[in-house]
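Heads up, the thing below is written out as structure tokens.
The values are calculated or read from the model by the stated rules, or taken from the named source; none is laboratory data. Because the structure is a prediction, the values reported are computed rather than measured. Neighbour counts are summed over all protein chains in view; Cβ atoms, including those assigned to glycine, are modelled from backbone coordinates with ideal geometry. SASA here: full protein model, heavy atoms, side chains in, ligands and nucleic acids out. Shrake-Rupley method; radii C 1.70, N 1.55, O 1.52, S 1.80 Å.
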Amino acid sequence: MANIIALVTGLIFGFGLAISGMTHTEIVLGFLDVTGQWNTSLLFVLGGAVSVTVTSFYFIRKLTKPIFVDKFVVTEANEIDRPLVIGSALFGIGWGISGYCPGPAIALLAVPNWELLAFLPSMLFGYALYWYLPGHRTQKVGAAATKSKEAAQPTCG
Amino acid sequence: MVNALLGGVLIGVAATLFFWLNGRIAGISSVIVTVLFTKDRLWPVLFIIGIVAGSAIFYALGGSAPIPRSSFPSWLLILAGVLVGYGTALARGCTSGHGVCGLGRLSLRSLVATLTFLSVGLLTTFIVRHIFGVI
């Protein structure tokens, strides 16, 4: 059942990403470029999404377990550390250059173009760089979060 | 604006269902890392297939597909790709994991991450567009 849920929620997520306009770099960069004609779409996307999650997560977090699996997989990390800030800054540079973040890049696979051909493999290479360079998988956040095998997985947030 | 808001709400609904039913944070970067480098592959593959299919449905229904920039330098897209992949892995989250879900659960880490990539993104776009003149 959990696998069907993954497929269906992905479907809603992908439709939402596409209709939101976030696969259009001119809209994303039109937001990030505050000079000239400022495009506020991204604020509505983020605002719409967060107003839903703030409300729903408040109730979900009171539950002892999720519906179809045994436990919640959420990091307990709450430190503001260097990897968090440096990683987010590097992401910001890449996002600000290209107008792509990971979700829209995946959604764009439905209508691929030459930009995606350059961006997506490079992004996957970036993930591989992180994964195979020494040191990162044992970084404190993951180790402190859980001692299980899941510690190696970056549970976001 | 209506489409942006509707899209945002749908993303929020998807993140809600995923957390409530499957107990996980719908963060795209962590889903990609899970599918690429761990043995727990089925659910993230299905989630990614879902994203592509959902997006395909929108474009099949007549949504306008993005038009690629003909003169944008490919090396900049390659550099940006590496930075986005490496950066979101290091920060353990991107716009969805830290932005949509992390802010949703009022995580201070996610707030710092979101403010960091937003402000650095603003600055970078300014430099790329207005100092180097690349559009």
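Taking loop as defined by DSSP and a crowding limit of 16 other beta carbons within 10 Å, which trypsin sites (Lys or Arg not before Pro) in segment B:1-107 fit?
B:Lys39, B:Arg41
Just to confirm the filter: which GluC sites (Glu not before Pro) across segment A:31-120 are DSSP coil and have at most 16 other Cβ within 10 angstrom of their Cβ?
Qualifying residues, ordered by number: A:Glu76, A:Glu79.
Using the Karplus equation 6.51 cos²θ - 1.76 cosθ + 1.60 (θ = phi - 60°), what ³J(HN,Hα) coupling, rounded to whole Hz, does each residue of segment A:80-90 give in order, writing x for Gly and Pro?
8, 10, 4, x, 4, 6, 5, x, 5, 5, 4
Quick check: convex hull of the Cα atoms in the protein assembly as shown, volume per residue, rounded to a whole Å³?
Dividing the Cα hull volume of the protein assembly as shown by its residue count gives 112 Å³.
With equal scatterers on the alpha carbons only and no solvent term, can you work out the Debye log10 of I(q)/I(0) for segment A:28-107 at 0.18, 0.19, 0.25 1/Å?
Each listed q maps to, in turn, -1.07, -1.12, -1.19.
Given Cβ point charges of +1 (Lys, Arg) and -1 (Asp, Glu) and nothing else, what value in debye, to the nearest 20, does the dipole of chain B about its Cα centre take?
In total the dipole reaches around 180 debye.
For the B and A pair, go ahead and give the buried accessible area with a 1.4 Å probe, both sides summed, in Å² to 100.
In total, chains B and A hide about 10200 Å² from solvent.
For chain B, find the longest principal axis of its Cα atoms and tell me its angle to the long axis of helix B:108-126, 0 to 90°, nearest 10.
Approximately 30 degrees, to the nearest 10.
Evaluate Rg over Rh across chain A, taking Cα atoms for both radii and Kirkwood's formula for Rh. Don't skip to the answer; put the middle values down first.
On the way: Rg = 17.6 Å, Rh = 18.1 Å.
Using Cα coordinates only, the ratio equals 0.97.
Quick one: with all protein chains in place, what share of the accessible area of chain B is carbon or sulfur, to the nearest percent (1.4 Å probe)?
Taking all protein chains in place, chain B shows 76 percent carbon and sulfur surface.
Can you give the longest stretch of chain A with no exposed loop site, where a site means trypsin sites (Lys or Arg not before Pro) in a DSSP loop (not H, G, I, E or B) with at most 11 other C-beta atoms within 10 Å?
The answer is A:72-146.
For the protein assembly as shown, what is the number of Lys pairs with C-alpha distance below 25 angstrom, counting only pairs 8 or more positions apart or on separate chains?
The result is 13.
In 10 Å bins starting at zero, report the fraction of Cα pairs in chain B per bin as a rounded %.
The percentages, shortest bin first, are 10, 32, 39, 17, 1.
Please say if segment A:31-77 is rounded, prolate or oblate, where rounded means a/c under 1.5 for a ≥ b ≥ c the square roots of the C-alpha gyration tensor eigenvalues, and otherwise the choice is prolate for a/b larger than b/c and oblate otherwise?
Details: a/c = 4.27, a/b = 2.96, b/c = 1.44.
Since a/c reaches 1.5 and a/b is larger than b/c, the shape of segment A:31-77 is classed as prolate.
Can you give the accessible area per residue of segment B:1-105, in Å², using a 1.4 Å probe?
Numbers: 3550 Å² over 105 residues.
Averaged over the residues of segment B:1-105, the accessible area is 34 Å².
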